[in-house]
1. Can you go through B:738, B:718, B:703 and tell me which one is within 18 Å of residue B:810 (Cα to Cα), modelled with pLDDT under 95, part of a helix (DSSP H, G or I) and in contact with a helix residue (DSSP H, G or I) (Cβ under 7 Å, 6 or more places away or on another chain)?
2. Check residue B:490 against each of (1) in a loop (DSSP other than H, G, I, E, B); (2) within 28 Å of residue B:205 (Cα to Cα) and name the one condition it does not meet.
3. Checking the conditions here, which among A:120, A:110, A:115 is facing another protein chain (nearest Cβ under 10 Å), out of contact with any strand residue (DSSP E or B) (no Cβ under 9 Å at 6 or more places or on another chain) and modelled with pLDDT under 90?
4. Looking only at residues that are surrounded by fewer than 24 Cβ atoms within 10 Å (Cβ to Cβ) and in a helix (DSSP H, G or I) in segment B:313-325, which one is farthest from the chain's Cα centre (by Cα)?
5. Being within 14 Å of chain A (Cβ to nearest Cβ) and buried (at least 24 other Cβ atoms within 10 Å of the Cβ) is the filter here; which residues of segment B:261-289 pass it?
6. Determine whether segment B:442-451 contains at least one residue that is at pLDDT 95 or above, surrounded by fewer than 20 Cβ atoms within 10 Å (Cβ to Cβ), over 18 Å from residue B:486 (Cα atoms) and in contact with a helix residue (DSSP H, G or I) (Cβ under 6 Å, 6 or more places away or on another chain).
7. Checking the condition without any contact (Cβ under 8 Å) to a residue 40 or more places away in the chain and surrounded by 22 or more Cβ atoms within 10 Å (Cβ to Cβ), which residue from B:556, B:537 passes?
8. Would you call residue B:269 farther than 20 Å from residue B:106 by Cβ and either in a helix (DSSP H, G or I) or modelled with pLDDT under 95 (or both)?
């Protein structure tokens, strides 16, 4: 896999340690961070915005309402959730892409049994290869937060909004 | 430059450089992370014992029905002090103890990034603990629970000093924890051994990193709440006063926005202890390292989105509750990942069972029980039934005792040989474990049952005939059994410290870096700084993993002062040679000054608080005075090429610290502005009654923005080597900043709105006042930079202080835009 104008060793004349991330030149750093943070940020937006809308919509001042202030409340909550879903899916897609480009990083250095494991198992077990570790982290984080975002979105449709 | 073999290093010189002098002077000055770590551990365990005694008094009262050994008032103080002591003075600080001691040893550094800040964090913690327990002889201990709900905690219902002690203790601890957290984050990203890349960190490091970042963002919520409470109680503000536009639920929101992340803050590093120690006793690496590292971070992030599950019964509309119920259920995914990882490690390993391992297995059992009852209470209808019953007490104690105390015990049995050079007694350890494990289950499991039988929390006695008696008696027996276990532990520590078997460097045959040096470690940690090639530097021969072989026996010595490497954040590539500060009295003096301020505010002795502030300013000036030992000192040739010495450029250690300050301060303002919008949304009246005038604030906004432009212009000047432009730019920003404060004073003098008029008035002066204080601090920074610029301290290659001061100044200006929009503009939009 072609890459990395960066040296593949920690710049040491006195040691034998190779560089922990020889494939770091294969992907832009922001894609790794977006893959890692995109879904959590989408979920944060969804939680904060939807909590404010759902709370205020049914409890605008000092007394609760039996039905929302506006009939469009579920729609508003869904649109906000959709933004979170898009952020999560985008982060997942970017993570998948970075993972594809870095999944072989230090595969041969993933332990005595590395040759028996596929790349994802090796990366999960030892974490060896900093770039693929971050890419895989983005993948896992995006999946977990997408599940939470979808659960939240389901509540928009199945739960009664006001007491 | 060639690497130096470890047996050719002049360790006498290194020892002289790093060792703290003996005697009381050394004791008060030390900034050694190992000393500070042990102090944290010992102090927090003393508080564990104190909090435990309070628990025993409560359990004695509840052992039988109708008992009145403690009055209702004293019982209130007991359960409040028990909670505050255990949560704030034991559970988090004990983990700081492990991390302070272990981080540099695990990461391959000679100290934390900010050794003096580290000492400050401990001293403030100690001052806060002493301050809180001053309330004992005064008979005014906090009495509204560790959660301190208003309106009961308000002055109308609680006129004594009790709650004031609480609020001021919280503020002291917030300072302590925040500086400690910024230190951990900076240490992680800047001071690791070459090659210790992000994917090779021990899990306890992931745990403490996650907890520290969570602290930076969560603690300001509690600080804001404590400040508001103190202002309500002592200065007539109305933040929580529903009759004047405030609202009691604002306290609950702010408290739990902090409180739930805090639950994970006090368990994630403890889970990290298990993730790092359990593989040693299974004689194989942790199964699914990446999964567990990610589970740690994910739990920390999700922990910010579950705070309302503490408020399910407060009348919040069901849709909003459902959002938080869903997250509270799904947060079990990462926790389950960690549990299955430990079980798989046991399954695939060849486990053996010394006392440390027994405590870890006990932890897994208690964690699962506490986790399951957590999922039960995440279901909103179920929680409705059990809110404020003993079921919740059972759940939270399974979680906190199970996931904090048991891993802490395991961690001490595991690392005690590193701390002292001696092993703890295994036979006594086995008795210790079984006594605590059986005791914990006896005391906490029946609480599930009495909770479901309807026994409420926090009652000081109960009548006979409700079916609670037997369970309560069993709980009390369990509590005393647990206490006997803790006493066995204390005896084991004291006995083994002097008479335990000599441990040697690596008695457990562990794989991580802290076991590579002698036990206890020398003052300088590493005679040569290691280069890391894998996650298990001491197991590389048997595992065959890692990009290369770690080099531990030869490498850079860095012995021209207290030196260590500053490295890049992701891959730990050497970027500079850091000069670490010497021992100092300043951290202790700052902590004592803060204590004086707290006592002054508590007793309304403003002269005392004033003395504290003056001392604080003097200490801060002494601390921050440019220090030749740590100043930029050109470059040096190392095994990793030519590196700057004493400063490390734009992304320096100082820059990371300042970013931490900016992040936590920004969060503080965000919580204040949330409070504004929250109260505004609940207000049935016009908000505010009279919108503030816009003329002067608009002019002031322009002035502040212009000052930022001037600061930016000056900074870009010095980056090109233009010292004149730096002086002019910083000087201009300084003048404009002073003008801003003067005009703010003019606005205050014209404003008819009073601080004590209503919640809007309280918010207006609190938010703009805190912003003004930040402007003042920024001006002091700019003034120091200007003086140093006039004395020619800065150049194109060395202007770290300029970068950091202007970063803070830009932050102050950006915050003003948010404040201006919220406080001045939005009232005109209603």
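The values are calculated or read from the model by the stated rules, or taken from the named source; none is laboratory data. Predicted model only: the values in this text are computed from it and were never measured. Here the Cβ positions follow ideal geometry from the backbone for every residue, glycine too, while neighbour counts run over all protein chains shown.
1. Numbers: B:738 fails: modelled with pLDDT under 95; B:703 fails: modelled with pLDDT under 95.
One residue alone meets the criteria, B:718.
2. (1) is the only condition that residue B:490 fails.
3. Details: A:110 fails: out of contact with any strand residue (DSSP E or B) (no Cβ under 9 Å at 6 or more places or on another chain); A:115 fails: facing another protein chain (nearest Cβ under 10 Å).
Step by step, each of A:120, A:110, A:115 is checked, and only A:120 is facing another protein chain (nearest Cβ under 10 Å), out of contact with any strand residue (DSSP E or B) (no Cβ under 9 Å at 6 or more places or on another chain) and modelled with pLDDT under 90.
4. Initially, segment B:313-325 is screened for residues surrounded by fewer than 24 Cβ atoms within 10 Å (Cβ to Cβ), giving B:313-318, B:322.
Then keep just the ones that are in a helix (DSSP H, G or I); that gives B:313-314, B:318, B:322.
Values: B:313: 29, B:314: 29, B:318: 33, B:322: 30 Å.
The extreme case among them is B:318.
5. Across segment B:261-289, the qualifying residues are B:261, B:275, B:276, B:279, B:286, B:289.
6. Residues of segment B:442-451 at pLDDT 95 or above: B:442-451.
So of that shortlist, the ones also surrounded by fewer than 20 Cβ atoms within 10 Å (Cβ to Cβ) come out as B:442, B:445, B:449.
The next check asks that each one be over 18 Å from residue B:486 (Cα atoms); those that pass are B:445, B:449.
So of that shortlist, the ones also in contact with a helix residue (DSSP H, G or I) (Cβ under 6 Å, 6 or more places away or on another chain) come out as B:449.
Yes, some residue in segment B:442-451 is at pLDDT 95 or above, surrounded by fewer than 20 Cβ atoms within 10 Å (Cβ to Cβ), over 18 Å from residue B:486 (Cα atoms) and in contact with a helix residue (DSSP H, G or I) (Cβ under 6 Å, 6 or more places away or on another chain).
7. Numbers: B:556 fails: without any contact (Cβ under 8 Å) to a residue 40 or more places away in the chain.
Only one candidate passes the filter, namely B:537.
8. On the way: farther than 20 Å from residue B:106 by Cβ: no; either in a helix (DSSP H, G or I) or modelled with pLDDT under 95 (or both): yes.
The answer is no for residue B:269.
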